[in-house]
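The values are calculated or read from the model by the stated rules, or taken from the named source; none is laboratory data. Bear in mind the structure is a predicted one, so any value in this text is a computation, not a measurement. Positions of Cβ are backbone-derived with ideal geometry, glycine not excepted, and every protein chain shown enters the neighbour counts.
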Amino acid sequence: MEEMKVDSTGLFFQSFRTLIKSGAVGISYSNLSGVILNANQSFLKLFGYTKLEVKSGKMSWQLLTPHEYLPLPGAVENLKKSGNSPVLPKEYLRKDGSRVSALIISAVLNHAKAEVINFLFDISDTKLLEEHLSVMNKNYQSIWNSGIVGINFWNTDGYILDCNDAYTDILGYTKEEIKRGEVKWFDMVDPAINKYKAGIEAAVLGQSVKPYETRHRHKDGGYRDLMIMYTMLYGSKNEGISLVIDITDKKQAEMRLERTTERMRKITENMEDMVTIHDRDFRFVYVSPAIQTVTNLPLSDIIGKTTWDMGTHPAICAYFDKCLSKVFLEKTGTVAEYKNIDGRHFQSVLTPEFDLNGEVENVLVVTRDITEMKQQIQQRESFVSMVSHELKSPMTSLKVYLQMTERSLLKGDMEGAKNFIKKANAHANRQVGLINHLLEVARNDSGKITLNFTEFNIAQLVNECVEITSLQYNHNHITVHPYSDFIVKADYERLMQVIVNLLSNASRYSSRGSEIIISLSSYQDRFLVKVKDSGQGIPEDKLPFIFDRFYRATEDGHSSSGLGLGLYISAQIVEKHHGQIWAESIPKVGSEFFVELPLNGDIDRIKY
Ligand code: ADP
């Protein structure tokens, strides 16, 4: 040092100047009282002081030293004694109060014992790095011990080298088995999934491998669904680290959800009800195939449209929009009912579908064609009122005639009484007839009509029917037209019911005294019964429906009142015999009913 000081133009001095200017080292002179007398730019910059402040003696080690290290005399004494201070990383205060980590070497200058030279190296960055590393290490430890993420180290030969407890929990192998090199992850991968090798090759080449889902076999033989992410260890070409998360439960829930969704899709697509989903602009976002019962457009053409775009009647569109708005705004379901221009009735059940914020995102609509249901309700209502009316009127008449009989008897008028009893009887018979018809329908509806086949002479049956009808309706003449007698096989009672019904109708719907003609014929293996009247006839537009249940082509009148069941029952009986029944009619001229049956109505039963 002595030589160096003397040789102010020498190599050392030059090097020293270079060092001072370089900015890499902070250099200052101070006296033993701690006042800094001079300093280079790096030194000043590090502590935030100006040259002027140094020159005016405002920078001192006392100010730079944090309070916990004060007072300094011990250090000054040591410095004096040994000539230089030990090299130690220390903390100092900047002018603004913040702290800086630095490595300081101080030495007492020889030529002036009171002066000290200080070399200072800023080590704040190194300090930070150390702290950072320590935090990282702590974080790594907490991940390692968390129990949630399985971590393992492996090599490219397929072995697991080490792992945390979470990994052993996921796949069931013990750490000892792993450490003994008994666990090969190559062997664990589900053979159905063979994608991992390409990933490892890429990782070895330094490429990044995205997290992926896979399945590994558990020690118990079953499989676990895993989410894996891995990377090669720094600088290594054959060892890597993996993070493993068990997603088996999530996968199974997904599978169950998929199955349910698929099931729902099948149900929806095969349902007669129309299922549609509408977005906030009321556009169709989903339509089930059943919608093709009301529109012939391909499903893909409907998506993205509104009911207005589909050409639906404006009144229905407006009503439907109102219902959708209600669900979107009130966030509750609603039911809509409307009638199409073709007269069909529809019922829609609208249900809100919510987004994650609890707002209605879509509206699910299930629409059902309720036309038939409406008709049935209407039919049932009119049937109940008709039945009560029909059953009440013969009963009232019956009561009246019985009262009149009583009066006649009291008066001793036997002839009158006989006459009233006859009339009362006729009304009682009508009542029984109505009730029988109802029972018949109920029986037929539950499939209980059974036929009792016997062989008989059809002419004999026809005669009996004429006789019965004539007794009940004696105001018409029934002519039985040329017939040949032949044997048929049928249910005698049931066939009688059909023919009596046709003859009674012919009588009821004709004017007094008009003629009714019944004729019989056979050809090949079938025979035909015709009943012709010259009564009121049946309007052409009503003719196709007269065999329907509860259908009446005539306005209610006393003589012709009925339930509209006679022809329906007759048609059922004829059908059971494998026959046909039909009618021809000209209003105000008359009607003709035809019953065509096989000679052997039991034919099917013989076959099987
Ligand atoms: P109903 O008890 O009403 O007579 P049916 O089933 O026997 O019931 O007949 C159904 C309808 O067919 C009757 O209401 C009537 O309008 C019409 N009809 C049946 N037979 C005749 C007929 N011979 N002449 C005119 N109309 C008839």
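In the stretch 300-318, of all residues being within 21 Å of Glu337 (Cα to Cα) and of a type in the set (S, T, N, Q), the one that is surrounded by the most Cβ atoms within 10 Å (Cβ to Cβ) corresponds to Thr307. Of the strands (runs of 3 or more DSSP E) lying entirely inside the stretch 454-538, those carrying at least 1 residues that are under 60 Å from the mean Cα position of the chain (by Cα) and over 29 Å from Ala428 (Cβ atoms) are 487-491, 526-533.
Residue count for the stretch 171-184, restricted to those that are surrounded by 20 or more Cβ atoms within 10 Å (Cβ to Cβ) and in a helix (DSSP H, G or I): 2. Put simply, of Gly513, Gly564 the only residue that is surrounded by fewer than 22 Cβ atoms within 10 Å (Cβ to Cβ), at positive phi and more than 6 Å from the ligand (Cβ to nearest atom) is Gly513. For the stretch 330-337, the condition of being closer than 21 Å to Lys374 by Cβ and touching a helix residue (DSSP H, G or I) at 6+ places or on another chain (Cβ under 6 Å) holds for at least one residue. Looking across the stretch 20-70 at every residue that is in a loop (DSSP other than H, G, I, E, B) and among the β-branched types (Val, Ile, Thr), the one that is modelled with the lowest pLDDT is identified as Val25. For the stretch 326-342, state whether one or more residues are at positive phi, in the same structural domain as Arg283 (by TED's automatic domain parsing) and either among the aliphatic types (A, V, I, L, M) or at pLDDT below 95 (or both). Checked against the condition, which is being at positive phi, in the same structural domain as Arg283 (by TED's automatic domain parsing) and either among the aliphatic types (A, V, I, L, M) or at pLDDT below 95 (or both), the stretch 326-342 yields no hits at all.
Annotation: of all residues in the stretch 516-535 being crowded, with 20+ Cβ neighbours inside 10 Å and in contact with a Gly (Cβ under 8 Å, 6 or more places away or on another chain), the one that is nearest to Leu597 (Cα to Cα) is Lys532. For the stretch 519-550, residues that are in contact with a Lys or Arg (Cβ under 7 Å, 6 or more places away or on another chain) and more than 12 Å from the ligand (Cβ to nearest atom) total 1. Within the option set Ile193, Ile178, Ile200, being in contact (Cβ under 8 Å) with a residue 12 or more places away in the chain, touching a Leu at 6+ places or on another chain (Cβ under 8 Å) and aliphatic (A, V, I, L, M) holds for one residue only, Ile178.
Condition check ((1) within 16 Å of the ligand (Cβ to nearest atom); (2) modelled with pLDDT under 90; (3) closer than 25 Å to Ile538 by Cα; (4) surrounded by 15 or more Cβ atoms within 10 Å (Cβ to Cβ)) across all residues:
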{"residue": "Glu455", "(1), (2), (3), (4)": "no, no, no, no"}
{"residue": "Val466", "(1), (2), (3), (4)": "yes, no, yes, yes"}
{"residue": "Val488", "(1), (2), (3), (4)": "no, no, no, yes"}
{"residue": "Gln497", "(1), (2), (3), (4)": "yes, yes, yes, yes"}
